[in-house]
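Just passing along the structure, written as structure tokens.
No lab work stands behind these numbers, since they all come straight from the coordinates. What you see is a predicted model, and the numbers here were worked out from it, not measured in a lab. Neighbour counts run over all protein chains shown; Cβ positions are idealised from the backbone, glycine included.
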Amino acid sequence: MSKYNSQKCEADGYSFDSKEEMRYYECLKVRKAKETIMNFELQPKYILLEAFTYMGKKRQQMTYTPDYLIYHNDGTEELIDVKGMETQQGNLRRKLFENRYRDKVLTWVASSYKYGDTDGWITCEELKKMRKSNKKVAK
């Protein structure tokens, strides 16, 4: 089990932290085969903060590793992180990433067959908005 009680999975020799991450990988393979994307990479690593020494104590570098880097047919790149839920640590890393890599596009996606696209994916921001507006309607 991973740190968020999701089940580790394997596909094509790759290890995934959750079934949802693996399902997104399968969707990317289909998109690549249909040539709707040029290519993709798994788990690229980005440095958020260099290693440093503070009052004689060595501090390790801080990194962020999104799940996928997609190369679109138009030459643009998009980083994708599949999320089950937001965490304080994840939000902090995202802010640090967005501050340091302002030229990169980072998208958090979630699985939602109710609100998502034909494959069941939606951005976390859109999902949050949809759930909030549905709560208002229910009241």
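Over region 1-134, what relative contact order in percent results from Cα pairs under 8 Å that are six or more residues apart?
Across region 1-134, relative contact order equals 15 percent.
List the residues, sorted by chain then number, that are 5 or more residues from Asp67 or on another chain and whose placed amide H is less than 5 Å from its amide H.
Sorted by chain and number, the residues that satisfy this are Ile80, Asp81, Val82.
Report, in deg cm²/dmol and to the nearest 500, the calculated mean residue ellipticity at 222 nm for the chain, where each DSSP H run with n ≥ 4 adds -39500 (n - 2.57) and the sum is divided by the residue count.
My calculation for the chain gives -10000 deg cm²/dmol from helical runs alone.
Note the angle between two axes, namely the Cα long axis of helix 124-138 and the longest principal axis of the Cα atoms of the chain, as a number of degrees from 0 to 90, rounded to the nearest 10.
So the helix axis and the longest Cα principal axis differ by about 50 degrees.
Which longest run of the chain has no exposed loop site in it, a site being GluC sites (Glu not before Pro) in a DSSP loop with at most 16 other beta carbons within 10 Å, and the site itself not part of the run?
Counting at most 16 other Cβ atoms within 10 Å as exposed, the longest clean stretch of the chain is 87-139.
Just to confirm my numbers, what's the Cα centroid distance between region 90-139 and region 1-60 in Å?
17
Continuing with the same structure: Which shape class, rounded, prolate or oblate, goes with region 43-114 when its Cα gyration tensor gives a ≥ b ≥ c as root eigenvalues, a/c under 1.5 marks rounded, and past that a/b bigger than b/c marks prolate?
Judged from the Cα gyration tensor, region 43-114 comes out oblate (a/c at least 1.5, b/c at or above a/b).
What's the longest bit of the chain with no exposed chymotrypsin sites (Phe, Trp or Tyr not before Pro), using DSSP loop states and at most 11 other Cβ atoms within 10 Å as the test?
On the way: sites that count: Tyr4, Tyr113.
Longest site-free region, per DSSP loop and neighbour criteria: 5-112.
Rounding to the nearest 10 and keeping the result within 0 to 90°, find how far the Cα-based axis of helix 88-100 lies from the longest principal axis of the chain.
80
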